[in-house]
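Structure first, then comments.
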Amino acid sequence: MKRYNPKDIEVKWQKKWDADGTYKVDLDSVKPKYIGFGMFNYPSGAGIHVGHVRAFTIPDIMTRAKRQQGFASYQPIGWDSFGLPAENYAIKTGVPPQESTKTAIKKYHEQYRALGWAVDWTKEINTTDPEYYKWTQWVFTKLFEHNLAYQQESPQWWCNQCKTVLADEQVLGGKCWRHDSEEDPLVSKRNLKQWFFRITKFADEMLEATEDLDWTQSVKASQQSWIGRSIGAEVSFAIEGNKKELKVFTTRPDTLYGATFIVLAPEHPLVADITTEEYKADITSYAKSSIVKSEVERQQDADKEKTGLFTGAYAINPVNNKKIPIWVADYVLMGYGTGAIMAVPAHDERDFAFAKKFDLDITRVVSNNEPDEDCTHAEGVLINSEEYNGMSSAIAREQIVKDLQTKKIAHEKVNYRMRDWLISRQRYWGAPIPIIHCESCGPVAVPEKDLPVELPKIENYRPTGGYVSVLAGVEDWVNVPCPTCNKPGKRETDTMDGYVCSSWYFLRYVDPTNSEQAWSSARSKQWIPVDFYNGGDHATAHLLYARFFMRFFHSIGLVDSPEPFKRMIYHGKIKAGDGSVFSKSKGNGIDPLEVIEQGYGADAIRLYEMFAAPVELAVLWDEQGIPGAYRFLNRVWNITQEFLASSEEQLDDKITADIRMIEHKAIAKVTEDIDGVLFNTAIAALMEAVNGLYKLKGEGKLKKDDVWQSAIESILMLLAPFAPHITDELWSQLGHDDSIHIDHWPTLNIDYVTLDTVTFVVQVNGKLRAQIQLPKDSEKEVVLTAAKEDENVKEYTAKGNLVKEIFIPGKLINLVVKD
RNA sequence: GGGCGAGUGGUGGAAUGGUUUACACAACAGACUUAAAAUCUGUCCCGGUAAAACGGUUGUGGGUUCGAGUCCCACCUCGCCCACCA
């Protein structure tokens, strides 16, 4: 009997799949389509560890199952290969990122193949390939054409280690997303002229659509909180002795009578204008230090003592014409709302803390159950608000805005937490922004015929130290004629945020070699949205960006769907046994190739990782898990060998029914669970089926018979998405010439899993007292009679009077007994 | 502080409002073996019993129900995301 040895079979099948093009999809197939994959991978020098295996096995199973079920199933592959690690490596070693990226990708190829992931290598893409970033640049020019890409000078996050600005979404807890460990410093702000994409234009649409997405709930919640819509009003306050008006945003216009002072952000343009001579020196230095001080330091600690200064100026509260002081404080942020607030200390904790510290008036205007001396955010009934007294907060809120609106003092306003997407990066290893600056024409997009704007090869990658990229020093690249007027112009020297490349790649996947267009509409129509997407890291920003791009493409008729990903799973991380995260810096990542080399094989790693827990949950790496999975595969192998070696013999009806029951229960459960991405229970069902067959084998009932063959083949087909190598091997040993992975999925026959006789549970007062075997469709009276005959049931019903019977057909009867 | 989610054996985890603990890991026992590994078979929530019966048990307390791990309310703990966003 042959023994299960993954080393013998896995490489053999990987080669055969490659040679046969088993996973090559025909993009113009007439079969129903299915496309699924994990989030774009960055090919780092270290390769993948066992944590990544989970991320890529999940879509592998989904697309494999669909391929077996007769779909044109496509698991694409590509590399998100622009980025800082390769550039930093170049600075250190002088090896061009073009080369180190290629080397890294090679290692990934080896790992991906060894794990048996069914990707279509013939359609591989790579963001650093000029043929790809040509179209990334084209996307930029389209956005520019539609006024959704613009330049603006403003204070921006600056990571001093990356030597570049960062988008809002790339700052986590005040630190750069690439430098967020404890020893890393906070990012700071620099006033720079930068390129932005107007993502906020779609904020509302995206928010509305989020609820209906078939995505992991926590990811949807993240999307919603990032977009952060709040509905309120913008109210204008007159400034005493100044013609200009001061606008504030508030979500609580019902508390307007309680606004006892105004607070401006230190950067607010009116600060210089209104500050009186007496306070000018102090205010100027406060504003200066606040602006230089990173905004994160200002925000970091909500419990921090409030700081601020009086400007000497007063505003007039439009509802009661009261004179209220205008202050400057760093707890008000220029980037949100209007950069100015009406402070209502009685009903806002921050304003309350500020008022207490600087001894400002506190006027309660909402009455509720909260104690008077505290600040309360809760709603209630208005007091101290003249004609609005007695109104509920909700009604007053609308009424006050309505009344002020007629005087053009206020109007309803919706605000978003999300800011426009800053995409400029002052680094070399990115896609150049395809803009030429011309003195007479301004910024001009590079015409499509001149794309791509290729990255020039350079010798020294070290950033200049200023706030520009090294590209600024490549003179013969920078100096080009203006495409419009032909006068001398200069190229934009910033490159694009890597997220730009990864926000549209799924469209390139469905038309990877198109040299005329980024993608054809026929292809996007057929294949997009993506049926199945999964990821586990940096998901918020990437998903927002990809959704934004799709909405933009949709708005100009380039795609049919406004959403990129129909179904999205956010899987939990795999952590080291001690609970720490696998990481390069810790050096605790386990290379899956090592585990394969130990002899367990790729199938066992895959199976273990899918079986350990539901996909959304974090999992601690368990050394014992792989041998466990290997043991199960071994049982599958051995029973197949024993079947092949067994003697032919007719089975009796009882055994036939038992085998079919085992087979079809597994078909029903595994098919359903894969569809629901419930892999751990699908695998458990397969184990149960194999255990059932082993039991029959132990009783000497394993014979060479069609019923046995069918059961074993069904189990192999159901196991194939999880363990592709062993199943294709056994499939061929069972006499098949074709691959198990294409168009082979067992069909459920419901009759085989329907029993004529079932176990009825008999309860007395909800407690189990007996189990009786009866025909499945027995009437209540029959079950009741049988139940009453049971000795144990008799004992309990004798304790009182039977007042009621609850009957669930085919399942249960509950006798309710009372004294 | 806000939002989302979760608390079930020694462990990872199962469970359409209907037999709690499927499947596995670890542990223990038996078979095979000179022996070990591998493999096969069995035991495995707590109390109770020779074995059953029986009683208790899904973070805590209450509620709805014939019946609650599951639904509702309050509380405790943990995880993730957001957070001086007006």
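Taking the condition assigned to a helix (DSSP H, G or I), out of contact with any helix residue (DSSP H, G or I) (no Cβ under 7 Å at 6 or more places or on another chain) and either within 16 Å of RNA strand B (Cβ to nearest atom) or among the hydrophobic types (A, V, I, L, M, F, W, C) (or both), does A:ALA522 pass?
yes
On the stretch given as segment A:48-77, residues that are at pLDDT 95 or above and over 18 Å from the mean Cα position of the chain (by Cα) total 16. In segment A:613-635, what count of residues is obtained for those that are more than 6 Å from RNA strand B (Cβ to nearest atom) and either over 30 Å from A:ILE569 (Cα atoms) or open to solvent by 80 Å² or more (accessible area, probe 1.4 Å) (or both)? Looking only at that region, the number is 3.
Entry remark, segment A:636-654: residues being more than 16 Å from RNA strand B (Cβ to nearest atom) and either open to solvent by less than 20 Å² (accessible area, probe 1.4 Å) or among the hydrophobic types (A, V, I, L, M, F, W, C) (or both) number 2 in total. Only a single criterion out of (1) within 12 Å of RNA strand B (Cβ to nearest atom); (2) within 21 Å of A:ALA233 (Cβ to Cβ); (3) within 36 Å of the chain's Cα centre (by Cα) is not satisfied by A:ALA343, namely (3). Check A:LYS703 against each of (1) within 36 Å of the chain's Cα centre (by Cα); (2) open to solvent by 10 Å² or more (accessible area, probe 1.4 Å); (3) more than 15 Å from RNA strand B (Cβ to nearest atom) and name the one condition it does not meet. Condition (1) is where A:LYS703 drops out.
Contact map, segment A:795-809: first residue closer than 14 Å to A:LYS767 by Cβ, second residue assigned to a strand (DSSP E or B) and within 8 Å of RNA strand B (Cβ to nearest atom), Cβ cut-off under 9 Å, separation 6 or more or different chains; pairs are A:GLU795/A:ARG769; A:TYR796/A:LYS767; A:TYR796/A:ARG769; A:THR797/A:ARG769; A:ILE806/A:GLN763; A:ILE806/A:LEU812; A:ILE806/A:ASN814; A:ILE806/A:VAL816. Of the helices (runs of 4 or more DSSP H) lying entirely inside segment A:1-113, those carrying at least 3 residues that are under 25 Å from A:ASN588 (Cβ atoms) are A:50-68, A:84-93. Applying the set (1) crowded, with 17+ Cβ neighbours inside 10 Å; (2) near RNA strand B (Cβ under 8 Å from one of its atoms) to A:ALA684 leaves exactly one unmet item: (1). When A:ALA90, A:ALA104 are checked against the criterion of being aliphatic (A, V, I, L, M) and within 25 Å of A:PRO592 (Cα to Cα), a single residue qualifies: A:ALA104. Filter segment A:143-175 down to the residues that are part of a helix (DSSP H, G or I) and either at pLDDT below 85 or under 13 Å from A:SER424 (Cβ atoms) (or both) and list them by number. The answer is A:ASP168, A:GLU169, A:GLN170. Residues that are within 19 Å of the chain's Cα centre (by Cα) and more than 11 Å from RNA strand B (Cβ to nearest atom) within segment A:177-191 comprise just one, A:ARG178.
Here is a yes/no grid of residues against (1) among the β-branched types (Val, Ile, Thr); (2) buried (at least 17 other Cβ atoms within 10 Å of the Cβ); (3) over 23 Å from A:PHE144 (Cβ atoms):
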{"site": "A:ASN160", "(1), (2), (3)": "no, no, yes"}
{"site": "A:THR164", "(1), (2), (3)": "yes, yes, no"}
{"site": "A:LYS175", "(1), (2), (3)": "no, yes, yes"}
{"site": "A:ASP184", "(1), (2), (3)": "no, no, yes"}
{"site": "A:LEU207", "(1), (2), (3)": "no, yes, yes"}
{"site": "A:GLU211", "(1), (2), (3)": "no, no, yes"}
{"site": "A:ASP214", "(1), (2), (3)": "no, no, yes"}
{"site": "A:ILE231", "(1), (2), (3)": "yes, no, yes"}
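Residues in segment A:28-39 that are buried (at least 20 other Cβ atoms within 10 Å of the Cβ) and at pLDDT 95 or above: A:TYR34, A:ILE35, A:GLY36, A:PHE37. Being open to solvent by 20 Å² or more (accessible area, probe 1.4 Å) and touching a Pro at 6+ places or on another chain (Cβ under 9 Å) is the filter; apply it to segment A:261-287 and report the residue that is modelled with the highest pLDDT. Only one residue tops the list, namely A:TYR286.
Suppose the filter is among the basic types (Lys, Arg), within 10 Å of RNA strand B (Cβ to nearest atom) and under 46 Å from the mean Cα position of the chain (by Cα); does A:LYS804 pass it?
Against the criterion (among the basic types (Lys, Arg), within 10 Å of RNA strand B (Cβ to nearest atom) and under 46 Å from the mean Cα position of the chain (by Cα)), A:LYS804 does not qualify.
Would you call A:ILE316 in contact (Cβ under 8 Å) with a residue 60 or more places away in the chain and either near RNA strand B (Cβ under 7 Å from one of its atoms) or open to solvent by 70 Å² or more (accessible area, probe 1.4 Å) (or both)? No, not satisfied.
Can you tell me which residue in segment A:762-801 is farthest from the chain's Cα centre (by Cα), limited to those that are among the hydrophobic types (A, V, I, L, M, F, W, C) and open to solvent by 40 Å² or more (accessible area, probe 1.4 Å)? The extreme case among them is A:ALA798.
Being free of Cβ contacts under 8 Å to residues at least 60 places away in the same chain and more than 10 Å from RNA strand B (Cβ to nearest atom): is that true of A:ASP658 here? Against the criterion (free of Cβ contacts under 8 Å to residues at least 60 places away in the same chain and more than 10 Å from RNA strand B (Cβ to nearest atom)), A:ASP658 qualifies. Looking across segment A:622-638 at every residue that is touching a helix residue (DSSP H, G or I) at 6+ places or on another chain (Cβ under 6 Å) and small (Gly, Ala, Ser), the one that is modelled with the highest pLDDT is identified as A:ALA629.
Each residue in segment A:490-541 was checked for being acidic (Asp, Glu), within 13 Å of A:MET39 (Cβ to Cβ) and touching a Leu at 6+ places or on another chain (Cβ under 9 Å), and 0 pass. Pairs are defined by a Cβ separation below 8 Å, a sequence spacing of at least 6 or placement on different chains, a first member in segment A:215-229 that is closer than 11 Å to A:ALA203 by Cα and within 6 Å of RNA strand B (Cβ to nearest atom), and a second member that is of a type outside the set (Val, Ile, Thr) and open to solvent by less than 70 Å² (accessible area, probe 1.4 Å); the pairs so defined are A:GLY228/A:TYR416; A:GLY228/A:MET418. Restricting attention to segment A:514-555, the residues that are farther than 23 Å from A:ILE227 by Cα, surrounded by fewer than 20 Cβ atoms within 10 Å (Cβ to Cβ) and hydroxyl-bearing (Ser, Thr, Tyr) add up to 3. Here the condition is being closer than 30 Å to A:GLY599 by Cβ, modelled with pLDDT of 90 or more and surrounded by fewer than 17 Cβ atoms within 10 Å (Cβ to Cβ); of A:ILE742, A:ILE726, A:ILE750, A:ILE715, it holds for A:ILE742 alone.
Given A:GLU398, A:GLU387, A:GLU379, A:GLU370, which one is of a type in the set (Asp, Glu), loosely packed, with under 14 Cβ neighbours inside 10 Å and over 24 Å from A:ILE326 (Cα atoms)?
None of the others qualify; the one that does is A:GLU387.
Give the residue that is least open to solvent (accessible area, probe 1.4 Å), with candidates limited to residues of segment A:233-251 that are away from RNA strand B (no atom under 14 Å from the Cβ) and of a type in the set (A, V, I, L, M). Among those residues, the one meeting the criterion is A:ILE239. Could you go through segment A:593-605 and let me know if any residue there is more than 14 Å from RNA strand B (Cβ to nearest atom), among the polar types (S, T, N, Q) and not in a helix (DSSP H, G or I). Among the residues of segment A:593-605, not one is more than 14 Å from RNA strand B (Cβ to nearest atom), among the polar types (S, T, N, Q) and not in a helix (DSSP H, G or I), which makes the answer no.
The values are calculated or read from the model by the stated rules, or taken from the named source; none is laboratory data. Owing to the predicted nature of the structure, the values given are computational and were not obtained by experimental measurement. Using ideal geometry, Cβ is built from the backbone for each residue, glycine included, and neighbour counts are taken over all protein chains shown. All accessible areas refer to the heavy atoms of the entire protein, side chains included, with ligands and DNA or RNA removed. Shrake-Rupley method; radii C 1.70, N 1.55, O 1.52, S 1.80 Å.
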